[in-house]
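Novice: The structure that follows is given in the form of structure tokens.
The values are calculated or read from the model by the stated rules, or taken from the named source; none is laboratory data. None of these values were measured; they are calculated from a predicted model. Because the Cβ atoms are built from the backbone with ideal geometry, glycine has one as well, and the counts that use them run over all protein chains shown. When the accessible area is computed, the model is the full protein with side chains, heavy atoms only, and any ligands, DNA or RNA have been set aside. Shrake-Rupley method; radii C 1.70, N 1.55, O 1.52, S 1.80 Å.
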Amino acid sequence: SPPTPPSPPVPEEPKPPVEPVKPVASVAVRKSVDKISLRVGETISWTISIQNLGAAPTKESIAVRDALPSGISNIKFSAQGANCSLQELVVTCAVPKGLAPFSTGASASILVQANVNSAGKLINSVVATGADIPPEANLPEWRVESEVKQAQITLKKTAQASQLNLGETIKWDI
């Protein structure tokens, strides 16, 4: 029997053109506290950092709302790369659109400081919204907790003189 002729080549189906991946912004928000344990009367500081971990500048502004806990006073804040205001116990900030990728060294940060007036837990959370914040953002990192204890007072009483004569006045230092 004669050899079987080779099969004709099967034409390949045309492949759709590959579109290049467009760089996107991806914003990460982190909240930290300087003290997880402190006493009444001390100062506490919270820091919010906003970074663009993507490869393109942000397309829209990022709104940041920091609802501060009760039991604090003398609230002060400063911001770099954000415009902020304080009303009662709420710090509201806007990070303008165009936040460059973190690889360029760009970021925004907000520092909030306050005096602590009462014992108990201070729970502080921040909410950030914007089109460039991915839905899978790690929200537990946006909340911090501190334990405030009563101030410890030590009282010491000493006499100003070690010996007195009858009828002399004794003075005490407290």
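Novice: Taking segment 54-73, which residues are of a type outside the set (Ser, Thr, Tyr) and either over 16 Å from Gln113 (Cβ atoms) or open to solvent by 30 Å² or more (accessible area, probe 1.4 Å) (or both)?
Specialist: The answer is Gly54, Ala55, Ala56, Pro57, Lys59, Glu60, Ile62, Ala63, Val64, Arg65, Ala67.
Novice: Now, a different point. List every residue pair whose Cβ atoms sit under 8 Å apart, with the two residues 6 or more apart in sequence or on different chains, where the first one lies in segment 149-174 and is modelled with pLDDT of 70 or more and the second, anywhere, is open to solvent by 100 Å² or more (accessible area, probe 1.4 Å) and small (Gly, Ala, Ser).
Specialist: none
Novice: Same structure, new question: Within segment 113-122, does at least one residue satisfy the condition of being at pLDDT 80 or above, more than 20 Å from Ser26 (Cβ to Cβ) and of a type in the set (Lys, Arg)?
Specialist: Among the residues of segment 113-122, at least one is at pLDDT 80 or above, more than 20 Å from Ser26 (Cβ to Cβ) and of a type in the set (Lys, Arg), which makes the answer yes.
Novice: Now a separate question. Counting just the residues of segment 74-105 that are in a loop (DSSP other than H, G, I, E, B) and surrounded by fewer than 13 Cβ atoms within 10 Å (Cβ to Cβ), which one comes out modelled with the lowest pLDDT?
Specialist: Let us first name the residues in segment 74-105 that are in a loop (DSSP other than H, G, I, E, B), namely 81-82, 88-89, 96-101, 105.
Add one more test, that the residue is surrounded by fewer than 13 Cβ atoms within 10 Å (Cβ to Cβ), and what stays is 88, 105.
Values: Glu88: 91, Gly105: 81.
This residue is Gly105.
Novice: Which of the residues that make up segment 1-46 are among the charged types (D, E, K, R) and farther than 22 Å from Gln113 by Cα?
Specialist: Applying the first criterion (among the charged types (D, E, K, R)) to segment 1-46 yields 12-13, 15, 19, 22, 30-31, 34-35, 39, 42.
Result: Glu12, Glu13, Lys15, Glu19, Lys22.
Novice: Is it true that some residue in segment 62-78 is polar (S, T, N, Q) and in contact with a helix residue (DSSP H, G or I) (Cβ under 8 Å, 6 or more places away or on another chain)?
Specialist: As a first pass, look at segment 62-78 and keep what is polar (S, T, N, Q): 70, 73-74, 78.
Applying the additional criterion that residues be in contact with a helix residue (DSSP H, G or I) (Cβ under 8 Å, 6 or more places away or on another chain) yields none.
Scanning segment 62-78, I find no residue that is polar (S, T, N, Q) and in contact with a helix residue (DSSP H, G or I) (Cβ under 8 Å, 6 or more places away or on another chain), so the answer is no.
Novice: Output the qualifying pairs, or none if there are none: Cβ atoms under 6 angstrom, residues six or more apart or on different chains, first residue in segment 6-33 and farther than 29 Å from Lys59 by Cα, second residue outside any loop (DSSP other than H, G, I, E, B) and open to solvent by less than 100 Å² (accessible area, probe 1.4 Å).
Specialist: If the second residue must be outside any loop (DSSP other than H, G, I, E, B) and open to solvent by less than 100 Å² (accessible area, probe 1.4 Å), the pairs left are Val33/Trp46; Val33/Val144; Val33/Ser146.
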